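Visitor: Provided herewith is a single structure, encoded as structure tokens, for subsequent inquiry.
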Amino acid sequence: MSKILVIGQHADGKLNSGIAKVVNAAKAIGGDIHVAVFANDGAAVAAQAAALDGVAKVLVVDRAGNDDYVASAIAPQIVALTQSGGYSHVLAAGTTSGKDFLPRVAAKLGVQQVSDIMAVHSATSFDRPIYAGNAILTVEAPAAPAIVATIRLASFQATGAAAAAAPIEKISVDAVIPGHTRFVSLAAQKSERPELQSATRVVSGGRALGSSENFSIIYSLADKLKAGVGASRAAVDSGYVPNDMQVGQTGKIIAPELYFAIGISGAIQHLAGIKDARTIVAINKDPEAPIFEVADYGLVGDLFALVPELEAKA
Amino acid sequence: MKALVSVKRVIDYNVRIQVKPDGSGVVVDGVKHSVNPFDEIAMEEAVRLKEKGKVTEIIAVTVGGQKCEETLRTALAFGADRAVHVKVDEEIQPLTAAMALAAVFKKEGAELFFLGKQAIDDDAAQTGQMVAALLDLPQATFASKVDIDGGKAVVTREVDAGLETLEFDLPGIITTDLRLNEPRYLKLPDIMKAKKKPIETVSLADLGVTAIAGLKSVKTANPPKRSKGVMVKTVDELVTALKAKGLI
Ligand SMILES: Cc1cc2nc3c(=O)[nH]c(=O)nc-3n(C[C@@H](O)[C@H](O)[C@H](O)COP(=O)(O)OP(=O)(O)OC[C@H]3O[C@@H](n4cnc5c(N)ncnc54)[C@H](O)[C@@H]3O)c2cc1C
Ligand SMILES: Cc1cc2nc3c(=O)[nH]c(=O)nc-3n(C[C@H](O)[C@H](O)[C@H](O)COP(=O)(O)OP(=O)(O)OC[C@H]3O[C@@H](n4cnc5c(N)ncnc54)[C@H](O)[C@@H]3O)c2cc1C
């Protein structure tokens, strides 16, 4: 039977909302599921992980500096825990942090990482997207010494709440942590709006918005719909909105119930981020725009007239 | 200070990918290939550091078959001084590529290594981190700003929450994000000059690397197709449809 280690990534004392999805992927693999919390003081985060259905145990590794999640400091701790605990699988959420530290773990264990698992066929066979999701590759990973993988969050539902909380155990790991890398700062965008990756509705704007001032009509529609806000790369590169709002192959991969692409042409790199959206609505003045090939509802016209009207009537 | 830059040959980002009917992969023959866009950004960053006098020599490296020589020529046209071609004819996976790249980094005594944050074909986004792990060196992935000064690198990284800044002691590994810079347009004289620059060819065995088997590809399939929806004529029609489905 598999023994699965899920890395309990967190920030600001909160377990990343993706971990509930990683646990569900772990359930599909099948086996004993342990969540490891690496933090300065992991008690609060551990309690959140212990409340997830399917988790057998939560391990807490407290160490000053762990909250910063510097890859070269976290990876050796995960490697040590994987080896001492005899884990068959190490899973992390496919967030920027998971993508940062997990390949280091894989290399140290001498295995290939399976990036962005989107479906589990067995304990060793998985689907992953390649070419911006334009092809799906099924891979078979050698079981030994361990399978190291990131989970594509848009492909999995969150596990529910456990009937009873799993036990929490404080442990220490035997790892050498290099001093060569230092966390300096994080400039996080604070927003009252729903988080892009977990929002049920998302409104995204593209290059057509023309300026950050004009982008306010996107925010305003989003607020009316209680939606998160996203953007195309062109809108981010042009400085209308910050980088963390980019949706696509090299931005965030999202799976909302409802997605609005407004003034976005529908380049394959953008579509890579919204393939799992349940319903796509496109507003574009060009009837030939590629976005209309994937939209469930398309509306041709000038967004500066249509978006305020939509906000008023929605 | 020597800087190493890896460049990978990939199917051009504008090409519509076609999955082979027998599921053995995607069609690559006769399809336009280019340098991975993230690697062009990596090259550009190294060249800018050289122009500022912080880097003295730029070495481009690739791991792959004969055709990757074109990729190296592009890197040389960008401004690499010379190139190393790790020649492998069989398919290799990121860990093997990383082992080869790490060996070249060590052999060259380089202090900075720029790689793309991901290759747009396999989208694995792991090679740079693996190189860093194998060499026990610092890494700063998804870089959107790099400052090199006094034996240190200060790197701004694009992360889910916003922008993170890390500082590390050289030597170290940096993987590039899209907004780090805008690669220059290559001029004909540079392309001509690149033809005369040296490319050294080495094998995995020369580097003391044995390929790791790793993952087995079982099959490649098309993603589920989204069917084309309906065009609505007015906002009212759209609102009615979305309300009927309980979406708003
Ligand atoms: C026939 C075939 C079968 C394959 N089967 C598999 C498979 O089953 N599983 C699997 O995971 N992969 C497979 N691969 C892909 C494997 O070759 C990877 O493409 C490669 O090792 C790097 O992965 P990546 O491009 O996703 O790396 P990433 O980590 O996304 O690349 C990041 C950066 O690393 C650098 N880099 C990566 N590779 C090279 C290179 N070769 N030369 C120079 N720089 C490089 C570049 O700077 C790049 O921007 C297969 C490839 C082929 C051709
Ligand atoms: C390696 C790589 C990675 C990339 N990663 C991403 C990524 O992660 N995410 C991403 O989004 N892109 C990504 N891109 C960029 C992508 O290829 C496109 O360039 C980008 O998505 C275009 O953004 P856009 O649709 O906003 O702009 P455009 O393509 O310029 O489209 C603007 C659209 O607005 C319409 N329009 C103009 N005015 C109006 C109006 N008044 N009313 C209504 N409609 C109007 C136009 O008809 C047009 O269709 C990547 C590219 C590369 C090479």
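Visitor: Please state which one of B:197, B:219 is more than 16 Å from ligand 2 (Cβ to nearest atom), charged (D, E, K, R) and open to solvent by 90 Å² or more (accessible area, probe 1.4 Å).
Guide: One residue alone meets the criteria, B:219.
Visitor: With A:206, A:160, A:210 as the choices, which residue is within 22 Å of residue A:291 (Cα to Cα) and under 25 Å from the mean Cα position of the chain (by Cα)?
Guide: When all the criteria are applied, what remains is A:206.
Okay, residues lined up against (1) in the same structural domain as residue A:234 (by TED's automatic domain parsing); (2) within 16 Å of ligand 1 (Cβ to nearest atom); (3) under 30 Å from residue A:304 (Cα atoms):
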{"residue": "A:157", "(1), (2), (3)": "no, no, no"}
{"residue": "A:160", "(1), (2), (3)": "no, no, no"}
{"residue": "A:177", "(1), (2), (3)": "no, no, no"}
{"residue": "A:193", "(1), (2), (3)": "no, no, yes"}
{"residue": "A:215", "(1), (2), (3)": "yes, no, yes"}
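Visitor: Do any residues in segment B:218-230 that are more than 13 Å from residue A:296 (Cβ to Cβ) have Cβ atoms under 6 Å from those of residues that are among the aliphatic types (A, V, I, L, M) and open to solvent by less than 100 Å² (accessible area, probe 1.4 Å), where the two are at least six apart or on different chains, and which pairs are they?
Guide: Pairs found: B:220/A:135; B:220/A:137; B:220/B:19; B:221/A:136; B:222/B:19; B:223/A:136.
Visitor: Considering only residues that are under 15 Å from residue A:22 (Cβ atoms) and part of a loop (DSSP other than H, G, I, E, B), which ones fall in segment A:85-112?
Guide: Hits for segment A:85-112 are A:87, A:94, A:95.
Visitor: Right, here's the next one. Say whether the condition of being part of a loop (DSSP other than H, G, I, E, B) and within 12 Å of ligand 1 (Cβ to nearest atom) is met by at least one residue in segment B:47-64.
Guide: no
Visitor: In segment B:159-183, what residues are under 30 Å from residue A:230 (Cβ atoms) and open to solvent by 50 Å² or more (accessible area, probe 1.4 Å)?
Guide: Once the filter is applied, which keeps residues that are under 30 Å from residue A:230 (Cβ atoms) and open to solvent by 50 Å² or more (accessible area, probe 1.4 Å), segment B:159-183 yields B:163, B:179, B:182.
Visitor: May I ask you to list the residues in segment A:250-269 that are open to solvent by 10 Å² or more (accessible area, probe 1.4 Å) and in contact (Cβ under 8 Å) with a residue 40 or more places away in the chain? Even if it seems obvious, please write down each step before you answer.
Guide: Filtering segment A:250-269 for residues open to solvent by 10 Å² or more (accessible area, probe 1.4 Å) gives A:250-253, A:255, A:257, A:263, A:265, A:267-269.
Correct list: A:252, A:253, A:255, A:257, A:263, A:265, A:268, A:269.
Visitor: Are any residues in segment A:256-271 in a helix (DSSP H, G or I) and closer than 16 Å to residue A:203 by Cβ, and if so, which ones? Break it down stepwise before answering.
Guide: Initial filter on segment A:256-271 (in a helix (DSSP H, G or I)): A:268-271.
Of everything in segment A:256-271, just one residue is in a helix (DSSP H, G or I) and closer than 16 Å to residue A:203 by Cβ, namely A:270.
Visitor: Just wondering, is there one or more residues in segment B:27-35 that are touching a residue at least 60 places away in the same chain (Cβ under 8 Å) and on the phi > 0 side of the Ramachandran plot?
Guide: So far as segment B:27-35 goes, no, none of its residues is touching a residue at least 60 places away in the same chain (Cβ under 8 Å) and on the phi > 0 side of the Ramachandran plot.
Visitor: Still on this structure, I have one more. List pairs: first residue in segment A:18-31 and in contact (Cβ under 8 Å) with a residue 12 or more places away in the chain, second residue crowded, with 23+ Cβ neighbours inside 10 Å and part of a helix (DSSP H, G or I) anywhere in the structure, Cβ distance under 7 angstrom, at least six positions apart or on different chains.
Guide: Matching pairs, first to second residue: A:18/A:153; A:19/A:49; A:21/A:153.
Visitor: Which ones in segment B:6-29 are surrounded by fewer than 15 Cβ atoms within 10 Å (Cβ to Cβ) and among the basic types (Lys, Arg)?
Guide: B:16, B:20, listed by residue number.
Visitor: Now for a different question. Got at least one residue in segment A:231-253 being of a type in the set (Gly, Ala, Ser), within 9 Å of chain B (Cβ to nearest Cβ) and out of contact with any helix residue (DSSP H, G or I) (no Cβ under 8 Å at 6 or more places or on another chain)?
Guide: no
Visitor: Of everything in segment A:254-282 that's more than 12 Å from ligand 2 (Cβ to nearest atom) and aliphatic (A, V, I, L, M), which residue is farthest from the other protein chains (Cβ to nearest Cβ)?
Guide: Per the criteria, the residue is A:255.
Visitor: Tell me, which residue of segment B:82-117 that is within 6 Å of ligand 1 (Cβ to nearest atom) and at pLDDT below 95 is farthest from the other protein chains (Cβ to nearest Cβ)?
Guide: Going through the qualifying residues, I end up with B:91.
Visitor: Looking only at segment A:272-294, count how many residues are within 17 Å of the chain's Cα centre (by Cα) and either of a type in the set (Asp, Glu) or modelled with pLDDT of 95 or more (or both).
Guide: 4
Visitor: Right, another one. Filter segment B:172-183 down to the residues that are within 16 Å of ligand 2 (Cβ to nearest atom) and touching a residue at least 40 places away in the same chain (Cβ under 8 Å), then identify the one that is farthest from the other protein chains (Cβ to nearest Cβ).
Guide: Among those that are within 16 Å of ligand 2 (Cβ to nearest atom) and touching a residue at least 40 places away in the same chain (Cβ under 8 Å), it is B:183.
Visitor: Also, I was wondering about something else. Quick one: which residue in A:247, A:307, A:300, A:294 is over 23 Å from residue B:121 (Cα atoms), touching a residue at least 24 places away in the same chain (Cβ under 8 Å) and either out of contact with any Pro (no Cβ under 6 Å at 6 or more places or on another chain) or open to solvent by 10 Å² or more (accessible area, probe 1.4 Å) (or both)?
Guide: Testing whether each residue is over 23 Å from residue B:121 (Cα atoms), touching a residue at least 24 places away in the same chain (Cβ under 8 Å) and either out of contact with any Pro (no Cβ under 6 Å at 6 or more places or on another chain) or open to solvent by 10 Å² or more (accessible area, probe 1.4 Å) (or both) leaves just A:307.
Visitor: Quick check on this structure: which one of B:134, B:101 is of a type in the set (A, V, I, L, M, F, W, C) and buried (at least 24 other Cβ atoms within 10 Å of the Cβ)? Explain how you work it out, then say what you get.
Guide: Numbers: B:134 fails: buried (at least 24 other Cβ atoms within 10 Å of the Cβ).
Step by step, each of B:134, B:101 is checked, and only B:101 is of a type in the set (A, V, I, L, M, F, W, C) and buried (at least 24 other Cβ atoms within 10 Å of the Cβ).
Visitor: Would you mind stating whether residue B:3 is part of a loop (DSSP other than H, G, I, E, B), buried (at least 24 other Cβ atoms within 10 Å of the Cβ) and either more than 14 Å from chain A (Cβ to nearest Cβ) or away from ligand 1 (no atom under 11 Å from the Cβ) (or both)?
Guide: Values: part of a loop (DSSP other than H, G, I, E, B): no; buried (at least 24 other Cβ atoms within 10 Å of the Cβ): yes; either more than 14 Å from chain A (Cβ to nearest Cβ) or away from ligand 1 (no atom under 11 Å from the Cβ) (or both): yes.
The answer is no for residue B:3.
Visitor: I need a count of the residues in segment A:113-134 that are at pLDDT 95 or above and in a loop (DSSP other than H, G, I, E, B).
Guide: Number of matching residues: 5.
Visitor: Quick check on residue B:42: is it under 30 Å from residue A:266 (Cβ atoms), open to solvent by less than 20 Å² (accessible area, probe 1.4 Å) and within 9 Å of ligand 1 (Cβ to nearest atom)?
Guide: The answer is yes for residue B:42.
Visitor: Can you tell me which of (1) within 17 Å of residue A:97 (Cβ to Cβ); (2) out of contact with any Ser or Thr (no Cβ under 8 Å at 6 or more places or on another chain) is the one residue A:34 doesn't meet?
Guide: Failed condition: (1).
Visitor: Any residue in segment A:46-57 that is in a strand (DSSP E or B), closer than 17 Å to residue A:171 by Cβ and in contact (Cβ under 8 Å) with a residue 12 or more places away in the chain?
Guide: yes
Visitor: When segment A:178-213 is examined, which residues are found to be within 14 Å of another protein chain (Cβ to nearest Cβ), assigned to a loop (DSSP other than H, G, I, E, B) and open to solvent by less than 50 Å² (accessible area, probe 1.4 Å)?
Guide: Once the filter is applied, which keeps residues that are within 14 Å of another protein chain (Cβ to nearest Cβ), assigned to a loop (DSSP other than H, G, I, E, B) and open to solvent by less than 50 Å² (accessible area, probe 1.4 Å), segment A:178-213 yields A:178, A:180, A:196, A:199.
The values are calculated or read from the model by the stated rules, or taken from the named source; none is laboratory data. Just so it is clear, the structure is predicted and the values come from calculations on it, not from any experiment. All Cβ positions, even for glycine, are placed from backbone atoms using ideal geometry, and neighbour counts span all protein chains on display. Side chains included, ligands, DNA and RNA excluded: accessible areas come from the protein's heavy atoms. Shrake-Rupley method; radii C 1.70, N 1.55, O 1.52, S 1.80 Å.
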